[in-house]
Amino acid sequence: MSLLQTTATLFNKELRTELRSRELITTTIVFIVLVIVLFSFTFDPGSSESRRFGPGLLWLAFLFAASLMLQPCFLREQLNDTLSALRMASPDPFAIFLAKLAANTMFLLLTELMMLPVFAVLYNVPVWHVLPQLALVLFAGSVGICVAGTAVAAISAQARMRELLLPLLLLPLLTPVLIASTEATAALLADKPELRLDWLGFLAAFDLVFLTALWLFGEFLLEE
Amino acid sequence: MTSAGAPLGLRCNNLEKRFGNFMALRRISFEIVPGEAVALAGHNGSGKTTFLRIAAGLSRPTAGSLHVGSEDIITTAVRMRIGFVAHQTMLYDELTAEENLLLFARLQGIATAAQRASELLQETGLIDRRRSLVRTFSRGMRQRLTIARALLHAPALLLFDEPGTGLDAPGISWLAATLLRVRDAGCTILMSLHGQAELAAVATRAMRLEAGSLAADSSSGESIESVLRVRER
């Protein structure tokens, strides 16, 4: 069975279990709404401040929500020791990561796209005219968050202080993604919208480096 | 479905496993030849589960070596020829019985996954509940499905950790008959047991672990019954 077939089989499982439990998406959406609404109280909508700080707040909300969403992705595999079953049945352990990465990215993107209108209304920032470019930045940023987050979730799931460990390891690690995504988003939401290819390139490089690391060392992260 | 490929033997040499300061396994050495059915006895905490998890390639020994067949146990190819039943069910509660079996059958590259899943659901008596979520199952039903999952790919080596857990008397009889059938098909079996004479009857050899050490082995002349008799502490 090829890596792609194994990944597709596992991705299907991730979707099915999530659609039935609705554990990750619901928590993430509620959390992002709360953060965006609470942050909006601190700004005067329509002011230039809102446009300046909005992208940073938006990505902070996505980052915190992702750390909440990524936590259970390996933890719930430990409930019935299903991770051991996957390790024994999968011809390539990297497929386990790829499937989780794809599912996490999809869930995060879905929540981000659902939250964009809320952000646009509350912060009075028009996003529709740059939606395709914004979707590209959201995609590159989300892959970055999820690729590093999935690796850290695998490490922290086996640790004793797992609930604390994931955000402690993940948030500093994702600082470059936060900066690049915020800068790229801010440039798109400016008076003269511009797609900053330098920041987009940086995000793509980050994604590629972490994906390669996961491919090389992923199996060790799954060991007991 | 008969056992895929030649049965796998197992050989360990001075195997040790530590968890911090706690020594779970102490320099264990023995060999299980292909086709043997070995029952492993011992008190709780004697090291049975630790040994089985190392043999399944899920955990690394601290020292010593363990080989399955002629290869290093950690290789994925070897791991995929093992059928493992652990303490936990290793099943997804949010998937149905059929979806669980199909998932693992597809991962293992079984061409006739649906047919194989259906056969095993029939054998386990769960065919009528194949579309029910596993979270709605009783412990005994989950255990039957767990055993079915381990048998999906007709493994060459079965590692069963207390496989009778949660099974009622008919369930134990079904499991004993299943183990007999796979043993006679040439599959190597290593299973930890607590009592359950019906399952012990399948064994062609018995070993007993005490405090992480190999305390008795029927291959040295002692009877299987006496090796499996765990002394009161």
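Quick note: the coordinates plus some simple rules give every number you see, no bench work behind them. Keep in mind it's a predicted model, so treat the numbers as computed, not measured. Heads up, the Cβs are rebuilt from the backbone with ideal geometry, glycines too, and the neighbour counts pull from every protein chain shown.
Pairs linking a residue in segment A:73-84 that is at positive phi to a residue that is surrounded by fewer than 18 Cβ atoms within 10 Å (Cβ to Cβ), with Cβ atoms under 6 Å and 6 or more positions apart or on different chains, are A:81/B:88.
Check segment A:122-144 and report whether any residue there is closer than 29 Å to residue B:99 by Cβ, touching a residue at least 60 places away in the same chain (Cβ under 8 Å) and within 14 Å of another protein chain (Cβ to nearest Cβ). Checked against the condition, which is being closer than 29 Å to residue B:99 by Cβ, touching a residue at least 60 places away in the same chain (Cβ under 8 Å) and within 14 Å of another protein chain (Cβ to nearest Cβ), segment A:122-144 yields no hits at all. Go through the residues of segment B:72-89 one by one and say whether even a single one is away from chain A (no Cβ under 12 Å) and either at negative phi or in contact with a helix residue (DSSP H, G or I) (Cβ under 7 Å, 6 or more places away or on another chain) (or both). Within segment B:72-89, one or more residues are away from chain A (no Cβ under 12 Å) and either at negative phi or in contact with a helix residue (DSSP H, G or I) (Cβ under 7 Å, 6 or more places away or on another chain) (or both). The residues of segment B:93-115 that are within 8 Å of another protein chain (Cβ to nearest Cβ), within 14 Å of residue A:9 (Cα to Cα) and not aliphatic (A, V, I, L, M), listed by number, are B:99, B:104, B:106, B:108, B:109. In a helix (DSSP H, G or I), among the aliphatic types (A, V, I, L, M) and away from chain B (no Cβ under 14 Å), is that true of residue A:110? Yes: the conditions hold for residue A:110. For residue A:7, the criteria (1) hydroxyl-bearing (Ser, Thr, Tyr); (2) in contact with a Phe, Trp or Tyr (Cβ under 8 Å, 6 or more places away or on another chain); (3) buried (at least 21 other Cβ atoms within 10 Å of the Cβ) hold in every case but one, which is (2). For segment B:93-131, filtered to residues that are within 22 Å of residue A:4 (Cβ to Cβ) and touching a Ser or Thr at 6+ places or on another chain (Cβ under 7 Å), the residue that is surrounded by the fewest Cβ atoms within 10 Å (Cβ to Cβ) is B:95.
Every residue in segment A:22-54 that is under 15 Å from residue A:100 (Cβ atoms) and surrounded by fewer than 17 Cβ atoms within 10 Å (Cβ to Cβ), please. Once the filter is applied, which keeps residues that are under 15 Å from residue A:100 (Cβ atoms) and surrounded by fewer than 17 Cβ atoms within 10 Å (Cβ to Cβ), segment A:22-54 yields only A:23.
Among B:150, B:197, B:201, B:156, which is the only one that is without any contact (Cβ under 8 Å) to a residue 12 or more places away in the chain, under 20 Å from the mean Cα position of the chain (by Cα) and within 19 Å of residue B:40 (Cα to Cα)? Exactly one of B:150, B:197, B:201, B:156 is without any contact (Cβ under 8 Å) to a residue 12 or more places away in the chain, under 20 Å from the mean Cα position of the chain (by Cα) and within 19 Å of residue B:40 (Cα to Cα), namely B:197.
Number of residues in segment A:11-61 that are within 14 Å of chain B (Cβ to nearest Cβ), in contact with a helix residue (DSSP H, G or I) (Cβ under 8 Å, 6 or more places away or on another chain) and basic (Lys, Arg): the value is 2.
Name the residue that is nearest to residue A:215 (Cα to Cα), counting only residues in segment A:84-107 that are within 14 Å of chain B (Cβ to nearest Cβ) and among the hydroxyl-bearing types (Ser, Thr, Tyr). That would be A:90. Just to be sure, is residue A:138 surrounded by fewer than 23 Cβ atoms within 10 Å (Cβ to Cβ) and within 10 Å of the chain's Cα centre (by Cα)? Criteria met by residue A:138. Within the option set B:50, B:62, being within 14 Å of another protein chain (Cβ to nearest Cβ) and either surrounded by fewer than 17 Cβ atoms within 10 Å (Cβ to Cβ) or under 16 Å from residue B:155 (Cα atoms) (or both) holds for one residue only, B:62. Just one of the numbered conditions (1) within 28 Å of residue A:15 (Cβ to Cβ); (2) touching a helix residue (DSSP H, G or I) at 6+ places or on another chain (Cβ under 7 Å); (3) facing chain A (nearest Cβ under 9 Å); (4) without any contact (Cβ under 8 Å) to a residue 60 or more places away in the chain is not true of residue B:133: (2). Inclusion of residue B:69 among residues that are buried (at least 20 other Cβ atoms within 10 Å of the Cβ), over 25 Å from residue B:228 (Cα atoms) and free of Cβ contacts under 8 Å to residues at least 40 places away in the same chain is not warranted.
Being in a helix (DSSP H, G or I) and touching a Ser or Thr at 6+ places or on another chain (Cβ under 8 Å) is the requirement here; does residue B:143 meet it? For residue B:143, the condition - in a helix (DSSP H, G or I) and touching a Ser or Thr at 6+ places or on another chain (Cβ under 8 Å) - is met.
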